[in-house]
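S.K.: Mind looking over this structure? Questions follow.
The values are calculated or read from the model by the stated rules, or taken from the named source; none is laboratory data. Just so it is clear, the structure is predicted and the values come from calculations on it, not from any experiment. Methodologically, a virtual Cβ is constructed for each residue, glycine included, from the backbone with ideal geometry; neighbour enumeration extends over all protein chains shown. For the accessible areas, the whole protein counts, side chains as well, though only heavy atoms, and no ligand, DNA or RNA atoms are used. Shrake-Rupley method; radii C 1.70, N 1.55, O 1.52, S 1.80 Å.
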Amino acid sequence: GAHTRGYDPIQRPKSYIPDIFKVCDAVVVCCTYNAETHHMIGVDLLRSMKQGAALINTSRGEVIDEFALAMVMEERPDLRVAVDVLEGETTGTQNPQRLISRGALVSNHIAGETYDSRTKAAKIILNLLKKELS
């Protein structure tokens with residue numbers, strides 16, 4: 001019985017994004033990261049979120065302006081935030097405490113972990129070890 005909305009840049013204009021933030025109980029971010037999506041979600045969208053809404057990010061940390069998110073979380077304790085990714089993961093400069101201290105649930109980039117992905121990673125590691133030990 002849930003009503004859903006989605007945004008696909010091929011099917012909808014970018015102007016549709018603010019509507020999603022204003023009316024949805026939960027916004028799940030799962031887009032590709034590139035120059036166009038860098039800090040795509042900033043202070044204005046975050047402030048416009050529906051009362052008590054949840055924001056979930058499983059894409060890349062840099063899609064959301066994390067400083068803006070922390071600021072809005074201070075202003076809006078009604079918002080619920082869960083992220084599997086943080087800004088700075090690729091450079092080792094991530095700061096999970098920035099969001100955790102404001103009540104966010106932060107996991108260690110494990111949303112994409114499946115049996116197949118872990119098996120593939122284990123095989124890669126095994127092959128690297130075999131090469132090193134040969």
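S.K.: Could you check how many residues of the stretch 20-48 are among the aliphatic types (A, V, I, L, M) and more than 19 Å from Glu87 (Cβ to Cβ)? Walk me through how you get there before you give the answer.
M.R.: If we filter the stretch 20-48 for residues that are among the aliphatic types (A, V, I, L, M), which is where we start, we get 20, 23, 26-29, 35, 40-41, 43, 45-46.
Subset that is more than 19 Å from Glu87 (Cβ to Cβ): 20, 23, 26.
So the count comes out to 3.
S.K.: Within the stretch 12-19, does at least one residue satisfy the condition of being more than 23 Å from Leu86 (Cβ to Cβ), modelled with pLDDT under 95, out of contact with any Pro (no Cβ under 6 Å at 6 or more places or on another chain) and part of a loop (DSSP other than H, G, I, E, B)?
M.R.: Start the filter on the stretch 12-19 by keeping residues that are more than 23 Å from Leu86 (Cβ to Cβ), which leaves 12-16, 18-19.
After this cut, where a residue has to be modelled with pLDDT under 95 as well, the list is 12-16, 18-19.
From what's left, out of contact with any Pro (no Cβ under 6 Å at 6 or more places or on another chain): 12-16, 18-19.
Now drop any that are not part of a loop (DSSP other than H, G, I, E, B), which leaves 12-13.
There is at least one residue in the stretch 12-19 that is more than 23 Å from Leu86 (Cβ to Cβ), modelled with pLDDT under 95, out of contact with any Pro (no Cβ under 6 Å at 6 or more places or on another chain) and part of a loop (DSSP other than H, G, I, E, B).
S.K.: Those residues that are outside any helix (DSSP H, G or I) and open to solvent by 20 Å² or more (accessible area, probe 1.4 Å), I need them from the stretch 52-78; list them, please. Steps first, answer last, please.
M.R.: In the first step, residues of the stretch 52-78 are kept if they are outside any helix (DSSP H, G or I); the result is 52-60, 64-65, 76-78.
If the condition is that a residue be outside any helix (DSSP H, G or I) and open to solvent by 20 Å² or more (accessible area, probe 1.4 Å), then Gly52, Ile56, Thr58, Arg60, Asp65, Arg76, Pro77, Asp78 are the ones that fit.
S.K.: Looking at (1) over 30 Å from Met71 (Cβ atoms); (2) surrounded by fewer than 10 Cβ atoms within 10 Å (Cβ to Cβ), can you tell me which one Thr93 breaks?
M.R.: (1)
Condition check ((1) out of contact with any Gly (no Cβ under 9 Å at 6 or more places or on another chain); (2) open to solvent by 50 Å² or more (accessible area, probe 1.4 Å); (3) closer than 18 Å to Ile110 by Cβ; (4) assigned to a strand (DSSP E or B)) across all residues:
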{"site": "Val28", "(1), (2), (3), (4)": "yes, yes, yes, yes"}
{"site": "Cys31", "(1), (2), (3), (4)": "yes, no, no, no"}
{"site": "Glu87", "(1), (2), (3), (4)": "no, no, yes, no"}
{"site": "Arg98", "(1), (2), (3), (4)": "yes, no, no, no"}
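S.K.: Take Ala82 and tell me if it is assigned to a strand (DSSP E or B) and at pLDDT 95 or above. Let's see the steps before the verdict.
M.R.: Working: assigned to a strand (DSSP E or B): yes; at pLDDT 95 or above: yes.
So Ala82 passes the test.
S.K.: Next question, about the same structure. Ser101: farther than 18 Å from Leu69 by Cβ and among the hydroxyl-bearing types (Ser, Thr, Tyr), yes or no? Walk me through it before giving the result.
M.R.: Values: farther than 18 Å from Leu69 by Cβ: no; among the hydroxyl-bearing types (Ser, Thr, Tyr): yes.
No; evaluated as a whole, the condition is false for this residue.
S.K.: Filter the stretch 100-113 down to residues that are part of a loop (DSSP other than H, G, I, E, B) and out of contact with any Asp or Glu (no Cβ under 7 Å at 6 or more places or on another chain) and give me whichever is modelled with the lowest pLDDT.
M.R.: Filtering the stretch 100-113 for residues part of a loop (DSSP other than H, G, I, E, B) gives 101-104, 107-113.
Then drop every residue that is not out of contact with any Asp or Glu (no Cβ under 7 Å at 6 or more places or on another chain), which leaves 101, 103-104, 108, 112-113.
Working: Ser101: 97, Gly103: 97, Ala104: 97, Asn108: 81, Gly112: 68, Glu113: 74.
Applying the filter and picking the extreme gives Gly112.
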